[in-house]
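Just below is one structure, and these are the notes that go with it.
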Amino acid sequence: MGAVASRYGLTGNGLAKICDRLDIPRPPRSHWTRSASAREPRPQLPAAPIGLSETFALGRRQTRQSPGTRTRMSAEERRDHLMDTASQIALGEGLSAVTIREVARIAGISETQAHNCFGGRTELLLALARREIATQESQRRRRVARGTNHQTRVVLSTIGYLHEAARRGPLLQMLLRTPEVRDALKPERVAQSDKARAPILQQLVAKGKMDMQSARASTAALTAVSLKAGGIVASKRAPFSMVEEICLGVVLSGTSSNESLAAGTD
């Protein structure tokens with residue numbers, strides 16, 4: 001490798017990395033120390049990786065820019081860039097196509113640089129899922145904050161969730177169907193759900209006519225309805241307007257029923 005690399009102004013290690021990136025087979029370390037009869041047969045050159053040309057050129061190294069003219073991403077910007085790239089691959093080719101190597105290639109950086117941001121594929125997918133969840137929750141809170149009463153806040157929360165599920169849901173649904181992502185996020189999602197429900201539960205129980213167990217069961221049922229509706233619009237299994245109308249009707253009826261039960265008026 002060193003002898004061949006020197007012809008192109010590269011190091012042996014640098015040429016080896018290029019070969020690995022392009023799926024070009026190279027001999028093991030002991031290959032040239034064996035007799036000709038003991039050497040492994042030369043393998044066939046496989047097809048170029050998807051997205052790469054059958055030919056490539058090795059040229060002179062580009063002149064390094066001066067520090068004043070270089071632009072370098074911060075660690076946070078690099079992570080966001082890699083997550084953006086991963087989401088594009090997932091939506092275009094499926095989650096199985098998302099690998100650190102492929103993400104790095106499309107992002108235009110080395111695999112080592114990508115590994116400096118994410119230890120592996122699972123860590124990348126977890127970060128992407130957490131970002132999607134945080135974005136959806138942020139948008140939901142912004143909508144809810146505009147409500148002037150409980151009923152209005154429920155309507156805004158439900159509508160906001162369904163719109164976000166339709167817009168960003170396909171990627172999140174894909175991520176949450178991955179066992180390692182789903183299992184790793186389960187404790188966080190349960191804690192987040194409990195935190196979101198806590199004010200509603202306290203409000204229902206404070207009126208004195210509903211116990212905590214009943215309040216938990218009823219709010220869990222209404223949450224399940226919203227989540228199911230979100231999954232339907234994310235996968236486009238039914239028209240959005242129809243799902244929104246049905247979901248809102250069920251959630252509002254359930255909310256009104258809970259309030260009546262809590263107040264002892266039903």
Residues in the stretch 167-212 that are surrounded by fewer than 13 Cβ atoms within 10 Å (Cβ to Cβ) and among the basic types (K, R) total 3
Which numbered condition trips up L162, out of (1) at pLDDT 90 or above; (2) touching an Asp or Glu at 6+ places or on another chain (Cβ under 8 Å); (3) surrounded by 17 or more Cβ atoms within 10 Å (Cβ to Cβ)?
(1)
When residues of the stretch 245-266 are limited to those that are charged (D, E, K, R) and either assigned to a helix (DSSP H, G or I) or under 18 Å from R153 (Cα atoms) (or both), the one modelled with the highest pLDDT
E245
Exactly one of A220, A229, A215, A238 is assigned to a loop (DSSP other than H, G, I, E, B), hydrophobic (A, V, I, L, M, F, W, C) and open to solvent by less than 40 Å² (accessible area, probe 1.4 Å), and that residue is A238
Taking first residues from the stretch 179-191 that are free of Cβ contacts under 8 Å to residues at least 60 places away in the same chain and second residues anywhere that are among the charged types (D, E, K, R) and part of a helix (DSSP H, G or I), the pairs with Cβ under 8 Å that are 6 or more apart or on different chains are L185/R130; E188/R130
So, of the residues in the stretch 1-38 that are among the aliphatic types (A, V, I, L, M) and in contact with a helix residue (DSSP H, G or I) (Cβ under 7 Å, 6 or more places away or on another chain), which turns out to be surrounded by the most Cβ atoms within 10 Å (Cβ to Cβ)?
L15
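The values are calculated or read from the model by the stated rules, or taken from the named source; none is laboratory data. Predicted model only: the values in this text are computed from it and were never measured. In this analysis, Cβ positions are derived from the backbone assuming ideal geometry, glycine residues included, and neighbour counts consider all displayed protein chains. Note: accessible area is taken over every heavy atom of the protein model, side chains too, but ligands, DNA and RNA are not part of it. Shrake-Rupley method; radii C 1.70, N 1.55, O 1.52, S 1.80 Å.
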